[in-house]
1. Residue by residue through region 14-34, note down the ones that are over 22 Å from residue 62 (Cα atoms) and touching a strand residue (DSSP E or B) at 6+ places or on another chain (Cβ under 6 Å).
2. Could you go through region 51-58 and let me know if any residue there is among the charged types (D, E, K, R), surrounded by fewer than 16 Cβ atoms within 10 Å (Cβ to Cβ) and more than 19 Å from residue 114 (Cα to Cα).
3. Do we have residue 22 as within 29 Å of residue 137 (Cβ to Cβ), without any contact (Cβ under 8 Å) to a residue 24 or more places away in the chain and buried (at least 18 other Cβ atoms within 10 Å of the Cβ) here?
4. When region 50-72 is examined, which residues are found to be touching a strand residue (DSSP E or B) at 6+ places or on another chain (Cβ under 7 Å) and assigned to a loop (DSSP other than H, G, I, E, B)?
5. From 37, 9, 43, 75, grab the single residue that is out of contact with any strand residue (DSSP E or B) (no Cβ under 8 Å at 6 or more places or on another chain) and aliphatic (A, V, I, L, M).
6. How many residues are under 20 Å from residue 142 (Cα atoms), surrounded by fewer than 20 Cβ atoms within 10 Å (Cβ to Cβ) and among the hydroxyl-bearing types (Ser, Thr, Tyr) if we restrict to region 59-91?
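Derivation of every value follows stated rules applied to the coordinates shown; laboratory data play no part. Since the model is a prediction, treat every value here as computed from it, not as a measurement. Here Cβ is always computed from backbone atoms with ideal geometry, including for glycine, and neighbour counts include all displayed protein chains.
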Amino acid sequence: MTDQHDKPAAEELKQRLTPEQYHVTQENGTEMAFRNAYWDNKAEGIYVDIVSGKPLFSSRDKFDSGTGWPSFTRALDPANVTLHQDRSHFMTRTEVRGTHSDSHLGHLFDDGPAPGGMRYCMNSASLRFIAREDMEKEGYGEYRKLFE
């Protein structure tokens, strides 16, 4: 896992990530709706930052938003995400970035389900899914309690 002040250099990231992962996380890109790894993933587990490995979201907070991207009602650990105003594409949105990686993850909208009404609309390319049964061996054993 990457330390907060130890983001890998661009060349290392280009070797480690797929071109799409690099484009999304480092160039603020967006992947295709309904054509990404996790939009329809229903398995139990957590989603971590593809660059830093920090836990971001739980499948327990995932819902079908109908948008074609993985959507969550809340962050698993709010300290691992930062929110920024995004005025690109002739609109104002709230961008979600990884605190430790400074990677673009997606956007936050206020049209999610009750009770919180929030929708973290993420790019699958910015995430890595850790299945419940793999959490221990992947170093995320402390999060297994979420699924017991």
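1. Passing the criteria: only 28.
2. no
3. yes
4. If the condition is that a residue be touching a strand residue (DSSP E or B) at 6+ places or on another chain (Cβ under 7 Å) and assigned to a loop (DSSP other than H, G, I, E, B), then 50, 51, 52, 54, 65, 67, 69, 70 are the ones that fit.
5. On inspection, the qualifying residue turns out to be 9.
6. The total comes to 0.
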